[in-house]
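Below is one structure, written out as structure tokens; comments come after it.
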Amino acid sequence: MRLSDAIREGCRYTTKAREMFFGDDVPNTACALGAAVLGYNHITYDNITTLDLARVWPELTLEPERAMVTTCPDCGELTVMLCLISDHLNDRHDWPREAIADFIETLSIDLTPAPVVREAVPA
Ligand SMILES: [Zn+2]
């Protein structure tokens, strides 16, 4: 299941949460990425991390050599890894989670690891 589709699916069961994957005080709330987890697995987790999400959706990885970096489509002032842009749109710009899913779907996602470049060494 694509990340954007998982977010949309999770939005069917939840209302929006901020600054956390799942709302602690209000049941059935989730941020965009929390909604993706619910949409994919239909369960919540107490201690989920972005590392867990990246196992399902590699485009969310925090590994510098593989991370997908993009610029905030709202303010254009922030260029960071996709998982952080999602949080930024969700929390700072208050985008609807479905709009975040639409944005993610527009990205050209290339998960090919960057080539290793080695210096030529004289024999
Ligand atoms: Zn922004």
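Axis of helix 82-91 versus longest Cα principal axis of the chain: the two differ by about 30°, to the nearest ten degrees. Neighbours of Leu62 by Cβ distance under 14 Å: Lys/Arg scored +1, Asp/Glu scored -1, total -3. Extension gain Val26-Tyr13, at 0.36 nm per residue separation less the Cα-Cα distance, in nm? Roughly 3.4 nm would be gained on extension. Arranged from fewest to most other beta-carbon atoms within 10 Å of their beta carbon, Ser4, Ser108 become Ser108, Ser4.
Basic side chains Lys and Arg get +1 at the Cβ, acidic Asp and Glu get -1 at the Cβ, and with that the dipole of the chain about its Cα centre reaches some 240 debye.
For the pair Asp102 and Asp5 in one chain, pulling the backbone fully straight at 0.36 nm per residue adds 34.0 nm over the alpha carbon distance. Helix 32-41 and the long axis of the chain differ in direction by around 80°, with both axes built from C-alpha atoms. Computed 3J(HN,Hα) for segment 2-12, one whole-Hz value per residue from the Karplus formula 6.51 cos²θ - 1.76 cosθ + 1.60 where θ = phi - 60°, is 5, 4, 4, 5, 5, 4, 4, 4, x, 5, 5, glycine and proline marked x.
Values in this text are rule-based calculations from the coordinates and carry no lab data. Everything numeric here is computed off the predicted structure, so don't read it as measured data. We place every Cβ from the backbone using ideal geometry, glycine too, and count neighbours over all the protein chains shown.
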